[in-house]
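Heads up, the thing below is written out as structure tokens.
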Amino acid sequence: MLSKLTVLVFLAMGTLLTGATVANAQLPSGERQLGKTIIEPGYDDRTGELIYVMTPMGAPFPSHNNEHAVSPLFLVVYPNSSAAAVGTMNCAHEGGDNCPDHGPVFSNLALTTMPNVYGGGIWGHDHIMDGPGGSDFNVTWHIVVVLFTNAEAAKTHITTEAQLDAALDAGDAITIDTPITFHCNLVSAAAYNRATPIPPVSP
């Protein structure tokens with residue numbers, strides 16, 4: 001028969017594990033479809049708070065906009081070795097890509113550009129962009145890929161522009177400019193939660 005102390009220990013462990021599961025479940029990950037739009041999570045680069053962006057399906061790609069009306073969206077890629085430190089990604093790659101329309105492209109870019117960091121596999125990536133009211137907020141976004149130069153630096157979860165600038169200044173990350181521009185609007189968390197998850201694709 002289990003002692004009272006043993007039961008209390010098991011209960012405490014169960015509470016901790018349940019709490020961890022709930023905490024992880026609260027972080028959104030992956031693309032979802034709502035009507036004829038795709039919604040995915042990102043981070044406001046001023047505050048590090050979650051935001052959600054919606055792209056119309058069938059919109060011109062790349063977007064045709066005046067270059068002065070285009071803002072950078074930083075797509076930060078993390079290796080598998082950073083998984084325990086950074087946790088849930090806006091888009092997961094390991095075990096099935098839940099952002100299938102762009103995840104595999106940037107996974108391959110990371111693997112071929114920085115094999116010393118990403119050779120063990122790609123954990124996922126985040127989107128960092130200026131939120132509403134920011135000086136660099138627009139509806140057309142230009143993708144700039146951020147890759148880490150060493151595995152230790154990749155264990156820092158970057159969610160703000162200040163963190164990103166610090167990593168770049170220290171030589172812990174590099175940026176790769178892409179020709180990719182696309183149109184998206186901000187939507188609510190409620191819209192994301194109503195949407196249907198896009199089935200992941202195998203790596």
> If one puts a single equal scatterer on every Cα of segment 102-203 and applies the Debye formula without solvent, what log₁₀ I(q)/I(0) results at q = 0.11, 0.21, 0.23 Å⁻¹?
Replying inline: -0.42, -1.32, -1.40
>> Taking a ≥ b ≥ c as the square roots of the Cα gyration tensor eigenvalues, with a/c under 1.5 meaning rounded and otherwise prolate when a/b beats b/c, else oblate, which class fits segment 86-125?
In response: oblate
> In nm, to one decimal, how far is the modelled label at T113 from the one at L27, with both set 7 Å along Cα→Cβ?
Replying inline: 2.2
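Every number here is computed from the coordinates shown, using simple stated rules; none is lab data. These numbers were taken from a predicted model, which means no experiment stands behind them. Note that we place each Cβ from the backbone using ideal geometry, even for glycine, and neighbour counts take in every protein chain shown.
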